[in-house]
Amino acid sequence: MKLRDKLIIDFDSTFVDEESLDILAQIATRNHPEKPADVEKIKHLTSLGMAGEISFEESISERLKCLNANRKDLEDLILHLINSVSRSIEENKDFFFRHAEDIYIVSSGFKEFIEPVCKNYGISSSHVFANTFVYDYKGNIVGLDESNPLSNNQGKVKLLKSLKFGHDVVVIGDGITDYEIREAGLARKFVAYTENVKREAVCEKADFIAESWNDILLKLKLNPDFYQKKVGKALLLENVHHSAKKLLVDAGFDVELLKTSLDEQELCEKIKDVQILGIRSKTMVTAKVLESANELIAIGAFCIGTNQIDLDYCIKHGIAVFNAPFSNTRSVVELALAEIILLMRNLPDSMRNMHRGVWKKSADRSHEIRGKKLGIVGYGNIGSQLSILAESVGMDVYFYDVEEKLALGNATKCASMVELLRLSDVVSLHVDGRATNTHLIGEDELNEMKDGAILINLSRGHVVDLNALVSKIDEGKIKGLGVDVFPEEPKSNNEHFDTVLKEKPNTILTSHIGGSTIEAQIDIAHFVPQKLKEYVMSGSTMNNVTLPELQIQPVKNAHRLIHMHKNKPGMLADVNQALARYDVNILSQALKTNEQIGYLIISTDKNFTEEIVEELKNIDGTIRLRMLY
Ligand SMILES: NC(=O)c1ccc[n+]([C@@H]2O[C@H](COP(=O)([O-])OP(=O)(O)OC[C@H]3O[C@@H](n4cnc5c(N)ncnc54)[C@H](O)[C@@H]3O)[C@@H](O)[C@H]2O)c1
Ligand SMILES: O=C(O)[C@H](O)COP(=O)(O)O
């Protein structure tokens, strides 16, 4: 598992996303306001030094003079930095653990804070080369150890010469002092790392520019187990945001992105050799589709709802399903709030009139929302956020949920849905799409609502009986309607759409766009591929909805395999006996079960041969085996 090159990585603005001394100055100022650091001057000196506009020695000595920090401030700094590791490095934590023996941190920063941060990534203190502070008798930082080569100009060059690593070295950093190593002929490549800061003067010198750690893995082919063989095919449907494709391509997938959904037959054909399927709310992933999916290991729902997927089938066959439970919730809440205001003012009709040239200035059927009763059915991630926002604009909020929920703000919990329907001026539906919620709102429920009430459904189309609703609108019982989701929705934007709600008064119809904002889609496009990638690479099932949730720490120099089995007595013993027969030593093992499945991750010191894999597969109750590395 050795890498071809030793990787020399800079710390500030590369391994972590900020400059540590800038942060230390802010912390010191907060802790000792009577002696503030000149934070702006320190930041300026940092930039000048990094870009090579002043010498390193000048930059560091001037910064230390204005720092006014104490040894005690370092504790706060370390805590801050632990949470500031560059996002893509954090995402590839497993890589760092696995290749720690070839990774070195070479920094003009300080060991006192670099070592504790890097330790969390498997990098031992013997692989961290950095300066150390000098303190006075009160613990104040007054300088740095000048005998350390890194305290001098060309310090990194001097250090690398003394390490005698040879030429198989790649230097990765954001500053000119990192490039100096390559310039001195002590590295085969210099990579300008721009995830956190892009310095043009540095980029000009680089062999290549890496926007993230994934770029490095890909361009240097650094992860032979993963990147040199294609991981497999990913099929993304329904026009998920294009950045999802980039993330999966960077992770080694061969990605096909389609703008539309596919029907059952089309999907059965397309899915045959696909390992990762990405969908949104429209694609029905039925048992028939899944039966055709010979290689499928995971499905990413690039949305909240997973009711379009046959989850029972996925559980029985060990297919992981991930979704994005939070990313678009705010967007839906904003739309709900907007619709409440528009419908209370009868604005859909006023707007239609204006477009037809009808000027009708009147306060008829136009109300403020302040003081009106909002009834929220389903107090989950969306319902509860709407509760807070609606209350903050003066509404009186009531909610009903089948689960026990904490009432937020001043909201009032109702004991039944009928109670809520009877008292609400506006009813907003935010239940999940489980099958039993079909026609949750039908004729009886509509009859329970106040005369002239408003109904909003941004949840799922089958939740409301549209024929019953039409009658109640025609009778004048329902005086305002906002609907974003329909029992039948077109597969693509090219298809015609029809509904019985067309042309109804004071009605807002939208094309399932509650979660369709740029912000939400970008967030989803990052969240879901990350989960899929973690699952494929490390076996982590955190946040999935079908398999038991298990997060496992990376193990150095290990081989890893996942054994999914029926949750029945004796499975773990059978697996371990099989491994013992082949003299395999287990380095770590983690098992989590749900009602149906046991999910076991095994890390060993020995490679899993075909014979071992075959033996494990043949254990009675085995559902699926996946070899990670
Ligand atoms: N229009 C859109 O674009 C859009 C976007 C995102 C989510 N959604 C949909 O919005 C709905 C809510 O999403 P969420 O993230 O808040 O889900 P959630 O799972 O966090 O919350 C749903 C809540 O509904 C409750 N519930 C289920 N059935 C109920 C019933 N019969 N009566 C009362 N309470 C019931 C659950 O206990 C849960 O608390 C989902 O259907 C989701 O698919 C639509
Ligand atoms: O489940 C969801 O998140 C919403 O229904 C949005 O689905 P979409 O991604 O298909 O718009």
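The values are calculated or read from the model by the stated rules, or taken from the named source; none is laboratory data. Please read these numbers as outputs of a predicted model, since none were measured by experiment. Quick reminder, even Gly has a Cβ in these numbers, built from the backbone with ideal geometry, and neighbours come from all protein chains shown. Side chains included, ligands, DNA and RNA excluded: accessible areas come from the protein's heavy atoms. Shrake-Rupley method; radii C 1.70, N 1.55, O 1.52, S 1.80 Å.
Would you mind telling me the share, in percent, of accessible area of the range 512-591 contributed by carbon and sulfur at probe 1.4 angstrom? Walk me through the numbers before you get to the answer.
Numbers: 1750 of 3350 Å².
Heavy-atom surface of the range 512-591 belonging to carbon and sulfur, 1.4 Å probe: 52 percent.
Computed from Cα positions, the angle between helix 518-538 and the longest principal axis of the chain comes to roughly 60 degrees. With a simple spin-label model that places each label point 7 Å from the Cα along the Cα-to-Cβ direction, the separation between Ile586 and Lys2 comes to 3.2 nm. Rounded, prolate or oblate, given the Cα gyration tensor of the range 409-488, with a/c below 1.5 counting as rounded? Oblate shape, in that a/c is at least 1.5 and b/c is the bigger or equal ratio. With the simple spin-label model, which puts each label point 7 Å out from Cα in the Cβ direction, the Lys65 to Asn576 separation comes to 6.5 nm.
For the chain, what is the accessible area per residue in Å², given a 1.4 Å probe and the full set of protein chains? Mind showing how you got there, number by number?
Values: 27840 Å² over 629 residues.
Value returned for the chain: 44 Å² of accessible area per residue.
Think of the chain as having a plus end and a minus end, set by charges on the Cβ of Lys, Arg, Asp and Glu; of Gln589, Ser366, Gln530, Gln530 sits farthest toward the positive end of this dipole. Pairs from the list Lys156/Lys189; Lys270/Lys533; Lys111/Lys158; Lys233/Lys259; Lys360/Lys479; Lys111/Lys205 with a Cα-Cα gap above 24 Å: Lys111/Lys205.
Beta-bridge orientation, the chain: approximately 30 percent antiparallel, per DSSP, counting only bridges with both partners inside.
Scan the range 483-578 for trypsin sites (Lys or Arg not before Pro) in coil per DSSP, keeping those whose Cβ has at most 12 other Cβ atoms within 10 Å, and list them by number. Don't skip to the end; give the middle numbers.
Working: sites: Lys491, Lys502, Lys531, Lys533, Lys556, Arg560, Lys566; in loops: Lys491, Lys502, Lys556.
Loop-located and lightly packed - Lys502.
The Cα atoms of the range 347-483 cover 50, 34, 22 Å along the three principal axes, with the biggest extent listed first. Spin-label model, Lys617/Glu595: points 7 Å from Cα along the beta carbon direction are separated by 3.1 nm. Taking every alpha-carbon pair under 8 Å whose residues sit at least 6 apart, the chain reaches a relative contact order of 10 percent.
For the range 429-586, the convex hull drawn through the C-alpha positions has a volume of 187 cubic angstrom per residue. The range 454-499 and the range 234-299 have their alpha-carbon centroids 29 Å apart. As a fraction of the 1.4 Å probe accessible area of the range 369-453, surface on carbon and sulfur atoms comes out at 48 percent.
Among the GluC sites (Glu not before Pro) in the range 41-109, those located in a DSSP loop and surrounded by at most 15 other Cβ atoms within 10 Å of their own Cβ are Glu53.
Tally up the carbon and sulfur contribution to the accessible surface of the range 107-253 as a whole percent, 1.4 Å probe, everything protein left in place.
Details: 2950 of 6070 Å².
In the range 107-253, the share of accessible area belonging to carbon and sulfur is 49 percent.
Shape class for the range 566-614, computed from the alpha carbon gyration tensor (a ≥ b ≥ c): prolate, with a/c not under 1.5 and a/b above b/c.
Remark: the chain projects, on average over all directions, an area of 35.4 nm² (convex hull of Cα atoms).
Using only Cα coordinates, the Kirkwood hydrodynamic radius of the range 1-86 works out to 13.9 Å. Remark: the Val418-Ile209 segment gains 69.1 nm on full extension, using 0.36 nm per residue and subtracting the alpha carbon distance.
In terms of the Cα gyration tensor, with a ≥ b ≥ c the square roots of its eigenvalues, is the range 74-176 rounded because a/c is under 1.5, prolate because a/b exceeds b/c, or oblate? Note, shape of the range 74-176 comes out oblate. For the pair the range 305-378 / the range 415-438, the C-alpha centres are spaced 14 Å from each other. Here is the P(r) of the range 225-324: all C-alpha pair distances, binned every 5 Å from 0, give 3, 14, 25, 28, 19, 8, 2, 0 in whole percents. Relative protection proxy for 617-626, 379-388, 25-34, from highest mean packing down: 379-388, 25-34, 617-626 (other beta-carbon atoms within 10 angstrom).
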